[in-house]
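The values are calculated or read from the model by the stated rules, or taken from the named source; none is laboratory data. On a predicted model such as this, the values are computed, not experimentally measured, just so you know. For neighbour counting, all protein chains shown are included, and Cβ atoms are generated from backbone atoms with ideal geometry for every residue, glycine included.
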Amino acid sequence: MSALKKNKRIILQKKSTDYETDEEGNPLETWQDVVKVWAAVNPLRGREFWQAASVNAENTIRVEIRYRKGITNNMRILYGERILEITNVIDVEEKHKEMHLMCKEVLDNG
């Protein structure tokens, strides 16, 4: 993929190891930024969409970035105000040049 198509700024995050609680003592899930990178963000459509076995309550999105060590499916992506949960990490053709991060965006149906 051409670098010209990677024109969206995303932030990769991992769960924080810091233990935080709310005012009632309940544990809070917190995230910390790992790195900001340029990416191509592509919602799956047509045949790809149905093959991904998506349900109505979520969007399936492929995020394409340059290869980077340490990216796992325990991480998430901040894309503007949107949060994308990484479900699968693919090293394209196992060449360590490009990665496809298969993600889901759970929609708030109110």
The condition of being surrounded by 13 or more Cβ atoms within 10 Å (Cβ to Cβ), at pLDDT 95 or above and outside any strand (DSSP E or B) holds, among 90, 77, 71, 65, only for 71
Collect the residues in the range 26-62 that are β-branched (Val, Ile, Thr) and modelled with pLDDT of 80 or more, keeping them in residue-number order.
30, 34, 35, 37, 41, 60, 61
